[in-house]
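Trainee: Sending over a structure as structure tokens; questions will come in a sec.
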Amino acid sequence: MDEIKTLNRILESEFGKRGIEATQVPDLITANLNQKFAIRPYQERAFQYFLNYLNENFDGKPEKHQLLFRMATGSGKTLIMAGLILYLYEKGYRNFLFFVNSTNIIDKTRDNFFNDASIKYLFNSSVAFRGKKVSLKEVNNFQAGNDDCINISFSTIQGLHTRLNNPQENSLTFDDFQDKKIVLISDEAHHINVETRAGLRTGVLGEVTINGSVSREEAEEIISWESTVNRIVNASAENILLEFTATVDFSNPHIARKYADRLVFDYPLKQFRMDGYSKDVKVLQADANLLDRGLQAILLSQYRRKLFEKNKQVIKPVLLFKSKTIADSKAFQEEFIKSVQGLTTKKLAEIKANAKDEVLVRMFEYFDSNKITLENLVSELKEDFSADKTISVNSKEESEEKQVAINTLEAPDNEYRAVFAVDKLNEGWDVLNLFDIVRLYDTRDSANNRPGETTIREAQLIGRGARYCPFKLSETDDASKRKFDDDVENEMRICEELYYHSTYNPKYIQELTSALVTSGIIADKTVKRSLTIKDDFKESKFYKSGFLFLNEQEKYTREDVFGLPSSVRDTLYKVSLRTGFNLSSGIFDEQSKKGVEKKERDFAIKDLSATVIKKAIYKLEFYSFSNLKTYFPNLESLDDFITNKNYLGSVKMTVSGLPSQLDNLSPDDVLDTVLQVLELISRGVSGDKLEYKGSKEFKPYLVKDKISEKVLTFAENESEDKEFGKSINNAQETSIYLDLSNKSWYVFNDCFGTSEEKYLVKYVDKIYTQLREKYDEVYLVRNERFFKLYNFDDGRALEPDFVLFLYQKAKPKSIHYQVFIEPKGSHLKETDAWKQNFLVSLNEEHKVEQLWEDRKYVVWGLPFYNNSEETAFDGALKENIL
């Protein structure tokens, strides 16, 4: 794949990665999607790449719009589909065909698109464009579509192929795709590459090349799914094909050739994991019979449930018992239910006595320390894993009948704890609260030291189960990301881990691990690093009674807002009137330079008809008085909003139109222009809505309560920075060596940070003598996610990499400085400029209540540290600190 320049790389060459990621995602997407689903950074990038592709002309742009989004399982592909449907509706598309290989996925997607009572419904409660509400409509064919609606037809690829090649009344036919602009959305798109994968198709749509190993007769018999899709796409030059999959085999030269100029966005599973959006996968081997393995799993599940409850999280962990055959699954389910109902404390004591794995030992220690007796556990397990709280989805009939229950396992009213299945859940199963998969067979199908198909399918199932189950323990946590990579011994770490339970079989585990590494769901190699506090520092007065001052994130009430933002209010809005001008020409004819003569004139909103302005306001849901009050709590009335100079009263617009129109604006003209301006203003206002701010008051916290020892985990050779995770003490590991064992000013035993962070440590070592000449105590602390600060302007959280504590004895008051420092690579300085602005602003804007008569506390921030630009940082530090 690296040898072929793909479309996303061409876009980056044309517009620059930063240029693409600076693209504004239109409000018509963000405002019309369900507001409870925050758009994640990578999802925003998916929209940005698409927008740059569709809206710009560049060298190498394909003639046909056929695009592939390769996105990891669980990354929210369906939300991207919903957003693209909204955007393309605005661009004039009304008809959308969603197709996939599985009826289960269709049912799930239909629910996501049309069932507004579903917990996974993707659209806002009201979808509107330019103030006009738009309905979503499911249709069997596009002849029944409504030009004002978003018309969506669903089909399996098999059903689509059959219906189109054997047309029936009221179903889709090839005629539906003539003379209509259609957007085709293909989910799990790797299933429509039958011909390409076999080498029968060149990649030029509609042309079949006969592979030397395939006879013409055989080729002619392949009227495949892929051919059907290609015929639909080719029915109109304006048709768009959007393909989504997590699985594209770019090692196949035919596939690579087909998709090179289609891959508009690439977000593989490995990056998804590295960004923290998946569970951490663990394999737990047990030399035990199937029932004992199952009991271990439900004990772990109950352990998680108790940890969630302890932290006030309403999350019910679920297990999957996976069998080889339906008969085996049914037999084990019966035996499991019987075993749980006959469970005794003696059996649990036996499991406890045999528990050797670290996670099982920790689990029983938790039960003991929290006085959860074996009698309690027996009672709970019998209740939570009773027959009516288990579900079987082995056969096709069972899986279709129980699809709603299986796809809503996270719902509070869904009580299922255990799922029994064979293969029916391998694709299209969206579940977040699956934490354990128990393999109930012990077979291998490897060949030539490579994982077999069964092992690969098992790795894919693990990938589906590894979707992160969202939760937050504090207001500032990102619910959708792992929180304990930097604290793997935290008791809540198991609540972001997926355990795959297998019999003791090292050869199989080796093959499974290989498949998991290849898929990207686990790292090739991880290492644990112990971060310990030096004994001398632990005994110091500063550690025991010193303070770390931090600010807080505060809900922004907007009580200080008395009008539109000046950037919105003072803009001169340019709008156009419809002139009714017509010009007929051939599509390829040279366009005449003659056209209608238009003029421009400025108007103030307040000078137009108040009645018409109100009519325009009533058309736009954004301007309901209740919604306006959320942005402008001091607004007194709708009339106040129209006439007050702080709101619409000072807004002006430049109107372009015919001189005769401008001389005498009709009510319809006024309505049209005001609607255009109000739309633009609503975007500016909604984009300016802040939910939080950072307090300027910094409060004291005991250092010993914030700074602690940890065990960190690092994936080797995955960070862009090759120093990340390496010990600064070990000259064999790092190229930025410094022995910290005799550096009393560095609080921890080691530093495993990036190259810039290690250079910062060496910089402090270089100036330490100068610091000690002025200060009696000097301590540098690496912030291993111990604390956060909050940007004054918008409440965004940041975790400064270091804090430098400086103590100076003086009369009548001793001086205590804490200086926040952030090393930053050159490639990140522009993106993270807001962090530097905040840190520097601390010097003037922070407030510390001085409660001590004999000491003064000062919070300080410095510009970014960068090794290649050290002079600027050095100057700022010496000017303010030395």
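The values are calculated or read from the model by the stated rules, or taken from the named source; none is laboratory data. Note that this is a predicted model, so its numbers are computed, not measured. Ideal geometry is used to build each Cβ from the backbone, glycine not excepted, and the neighbour counts take in all protein chains shown. When the accessible area is computed, the model is the full protein with side chains, heavy atoms only, and any ligands, DNA or RNA have been set aside. Shrake-Rupley method; radii C 1.70, N 1.55, O 1.52, S 1.80 Å.
Trainee: For the stretch 495-508, give me the residue count where each residue is open to solvent by 10 Å² or more (accessible area, probe 1.4 Å), of a type outside the set (S, T, N, Q) and either under 24 Å from LYS310 (Cβ atoms) or not in a helix (DSSP H, G or I) (or both).
Mentor: Our first condition is that a residue be open to solvent by 10 Å² or more (accessible area, probe 1.4 Å); within the stretch 495-508, this holds for 497, 499, 503-507.
Now narrow it down to the ones that are of a type outside the set (S, T, N, Q): 497, 499, 504, 506-507.
Next, only the ones that are either under 24 Å from LYS310 (Cβ atoms) or not in a helix (DSSP H, G or I) (or both) stay: 497, 499, 504.
The total comes to 3.
Trainee: Continuing with this model, one more query. If I go through the stretch 829-868 residue by residue, how many of them are without any contact (Cβ under 8 Å) to a residue 24 or more places away in the chain, open to solvent by 30 Å² or more (accessible area, probe 1.4 Å) and either closer than 20 Å to LEU760 by Cβ or part of a helix (DSSP H, G or I) (or both)?
Mentor: Number of matching residues: 4.
Trainee: Regarding THR23, is this residue of a type in the set (S, T, N, Q), under 25 Å from GLY684 (Cβ atoms) and part of a loop (DSSP other than H, G, I, E, B)?
Mentor: Values: of a type in the set (S, T, N, Q): yes; under 25 Å from GLY684 (Cβ atoms): yes; part of a loop (DSSP other than H, G, I, E, B): yes.
Yes; evaluated as a whole, the condition is true for this residue.
Trainee: Now for a separate question. Checking GLU757 against (1) assigned to a loop (DSSP other than H, G, I, E, B); (2) modelled with pLDDT of 95 or more: exactly one of these is not met. Which one?
Mentor: All conditions are met except number (1).
Trainee: Please determine, by comparing only the residues of the stretch 384-412 that are over 22 Å from ILE462 (Cα atoms) and modelled with pLDDT of 90 or more, which one is surrounded by the fewest Cβ atoms within 10 Å (Cβ to Cβ).
Mentor: Step by step, filter the stretch 384-412, then rank; the result is ASP388.
Trainee: Is there any pair with a first residue in the stretch 787-808 that is closer than 21 Å to ASP705 by Cβ and open to solvent by 10 Å² or more (accessible area, probe 1.4 Å) and a second that is assigned to a strand (DSSP E or B) and aliphatic (A, V, I, L, M) whose Cβ atoms are under 6 Å apart and which are 6 or more apart or on different chains, and what are they?
Mentor: Taking only residues 6 or more apart or on different chains, the pairs are LYS788/ALA797; TYR790/ALA797.
Trainee: What number of residues within the stretch 74-88 satisfy the criterion of being part of a helix (DSSP H, G or I) and either closer than 18 Å to ASP275 by Cα or basic (Lys, Arg) (or both)?
Mentor: Here is the first cut: in the stretch 74-88, the residues part of a helix (DSSP H, G or I) are 77-88.
In the following step, the residues that additionally are either closer than 18 Å to ASP275 by Cα or basic (Lys, Arg) (or both) were identified as 77.
The number of residues fulfilling the criteria is 1.
Yes or no, residue by residue, for (1) surrounded by 15 or more Cβ atoms within 10 Å (Cβ to Cβ); (2) assigned to a loop (DSSP other than H, G, I, E, B); (3) aliphatic (A, V, I, L, M); (4) modelled with pLDDT of 65 or more:
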| residue | (1), (2), (3), (4) |
| --- | --- |
| LEU205 | yes, yes, yes, no |
| GLY212 | no, yes, no, no |
| GLU218 | no, no, no, no |
| VAL229 | yes, no, yes, yes |
| ALA235 | yes, yes, yes, yes |
| ALA256 | yes, no, yes, yes |
| VAL264 | yes, no, yes, yes |
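Trainee: Here's something else I'd like to know. For residues in the stretch 525-538 being assigned to a loop (DSSP other than H, G, I, E, B) and modelled with pLDDT of 95 or more, which is least open to solvent (accessible area, probe 1.4 Å)?
Mentor: Of the stretch 525-538, the ones assigned to a loop (DSSP other than H, G, I, E, B) are 525, 532, 534.
Adding the requirement that they be modelled with pLDDT of 95 or more leaves 532, 534.
Details: THR532: 51, LYS534: 35 Å².
Selected residue: LYS534.
Trainee: If you check GLU511 against the conditions, is it modelled with pLDDT under 90, outside any strand (DSSP E or B), under 30 Å from GLN460 (Cα atoms) and in contact with a helix residue (DSSP H, G or I) (Cβ under 8 Å, 6 or more places away or on another chain)?
Mentor: In short, yes.
Trainee: How many residues does the stretch 26-65 contain that are modelled with pLDDT of 90 or more and assigned to a strand (DSSP E or B)?
Mentor: 1
Trainee: I would also like to ask the following. From the residues in the stretch 709-735 that are in contact with a helix residue (DSSP H, G or I) (Cβ under 6 Å, 6 or more places away or on another chain) and buried (at least 18 other Cβ atoms within 10 Å of the Cβ), which one is farthest from ILE522 (Cα to Cα)?
Mentor: ILE728
Trainee: Right, next: Tell me which residues, restricted to the stretch 659-680, are crowded, with 16+ Cβ neighbours inside 10 Å and outside any helix (DSSP H, G or I).
Mentor: The one that is crowded, with 16+ Cβ neighbours inside 10 Å and outside any helix (DSSP H, G or I): LEU665.
Trainee: Also, I was wondering about something else. Could you tell me whether any residue of the stretch 94-101 is touching a helix residue (DSSP H, G or I) at 6+ places or on another chain (Cβ under 6 Å), open to solvent by less than 50 Å² (accessible area, probe 1.4 Å), farther than 25 Å from THR6 by Cβ and in a loop (DSSP other than H, G, I, E, B)?
Mentor: Scanning the stretch 94-101, I find no residue that is touching a helix residue (DSSP H, G or I) at 6+ places or on another chain (Cβ under 6 Å), open to solvent by less than 50 Å² (accessible area, probe 1.4 Å), farther than 25 Å from THR6 by Cβ and in a loop (DSSP other than H, G, I, E, B), so the answer is no.
Trainee: Give just the number: which of (1) under 19 Å from GLY563 (Cα atoms); (2) of a type outside the set (S, T, N, Q); (3) more than 39 Å from the chain's Cα centre (by Cα) does LEU638 not satisfy?
Mentor: For LEU638, the failing item is (3).
Trainee: Something else now. Just name the residue that is farthest from LYS270 (Cα to Cα) out of those in the stretch 512-550 that are in contact with a Lys or Arg (Cβ under 7 Å, 6 or more places away or on another chain) and of a type outside the set (Ser, Thr, Tyr).
Mentor: To start, the set of residues in the stretch 512-550 that are in contact with a Lys or Arg (Cβ under 7 Å, 6 or more places away or on another chain) comprises 520-521, 531, 543-544, 548-550.
Still in the list and also of a type outside the set (Ser, Thr, Tyr): 520-521, 531, 544, 548-550.
On the way: GLY520: 4, ILE521: 6, LEU531: 26, LYS544: 42, LEU548: 37, PHE549: 38, LEU550: 35 Å.
Only one residue fits best here, namely LYS544.
Trainee: Run LYS282 past the list (1) among the basic types (Lys, Arg); (2) open to solvent by less than 30 Å² (accessible area, probe 1.4 Å); (3) under 30 Å from ASP485 (Cβ atoms) and report the number of the one that doesn't hold.
Mentor: (2)
Trainee: Then there is this: Within the group VAL431, VAL438, which residue is open to solvent by less than 20 Å² (accessible area, probe 1.4 Å), at pLDDT 80 or above, touching a His at 6+ places or on another chain (Cβ under 6 Å) and of a type outside the set (Lys, Arg)? Write out each step before concluding.
Mentor: Working: VAL431 fails: touching a His at 6+ places or on another chain (Cβ under 6 Å).
Unique residue meeting the criteria: VAL438.
Trainee: Could I ask something else about it? From the list GLU475, GLU458, GLU489, which residue is open to solvent by less than 10 Å² (accessible area, probe 1.4 Å) and not in a strand (DSSP E or B)?
Mentor: Details: GLU475 fails: open to solvent by less than 10 Å² (accessible area, probe 1.4 Å); GLU489 fails: open to solvent by less than 10 Å² (accessible area, probe 1.4 Å).
None of the others qualify; the one that does is GLU458.
Trainee: Using the structure shown, decide if GLU415 is outside any loop (DSSP other than H, G, I, E, B) and exposed (fewer than 15 other Cβ atoms within 10 Å of the Cβ). Even if it seems obvious, please write down each step before you answer.
Mentor: On the way: outside any loop (DSSP other than H, G, I, E, B): no; exposed (fewer than 15 other Cβ atoms within 10 Å of the Cβ): yes.
When the stated conditions are applied, GLU415 does not pass them.
Trainee: Testing LYS324 on (1) open to solvent by less than 30 Å² (accessible area, probe 1.4 Å); (2) in a loop (DSSP other than H, G, I, E, B); (3) farther than 19 Å from PRO412 by Cα, one condition comes back false. Which one is that?
Mentor: (1)
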